[in-house]
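The values are calculated or read from the model by the stated rules, or taken from the named source; none is laboratory data. Bear in mind the structure is a predicted one, so any value in this text is a computation, not a measurement. Cβ: placed from backbone, ideal geometry, glycine included. Neighbour counts: every protein chain shown. Protein only, heavy atoms only, side chains kept; ligands, DNA and RNA dropped before computing areas. Shrake-Rupley method; radii C 1.70, N 1.55, O 1.52, S 1.80 Å.
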Amino acid sequence: MAEASWSVGRVAKRCGIKISTLHFYEEKGLINSWRNAGKQRRYKPDVLRRIAVIKAAQKVGISLEEIKQAFLSLPDKRTPTIEDWQVLSQNWQVMLDARIAYLQNLRDYLTGCIGCGCLSMTKCPLYNPEDVLGKDGVGAVILDKPAITLTT
Ligand code: FES
């Protein structure tokens, strides 16, 4: 029995997305298709699950590159199963918790900067162009530390 295949229009309609979005996802390596004898794109029905995962992940701020890496981590690049989705979403939850903590820290520091204006290279967490804190680590070193009250 021949494997079921869906046209790009049918997939787009079923998922509520534009055809151009499907092409974009395919360009990014998130979904796959093949061409039939008439050179039209065809998709396996499980592409719907892939698109559901993509849309759900995007809603919580996961980038397309992160989604792609998650898909690539699956055996044989398979479409995520229910169990795969549980693992992927748990990993993303850990990542999102870290991002939330980072943003809360940033918000707390920004509060200290509002009305300050010093933009000091040694103490302002939002301005450190010479990376004077590089000796303490890589990245936004101040933001990785617990929030403190900034003074001018
Ligand atoms: S402007 Fe950021 S600490 Fe002064």
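Worth pointing out:
- Over the range 1-80, volume per residue of the alpha carbon convex hull, in Å³: 98
- Spin-label model, D46 to C116: label points 7 Å out along the Cα-to-beta-carbon direction sit 5.2 nm apart.
- Note on A56/R35: beta-carbon distance plugged into 1/(1 + (r/R0)^6) with R0 of 22 Å gives a FRET efficiency of 0.15.
- Accessible surface for the range 57-113, divided over its residues, is 65 Å² per residue with a 1.4 Å probe.
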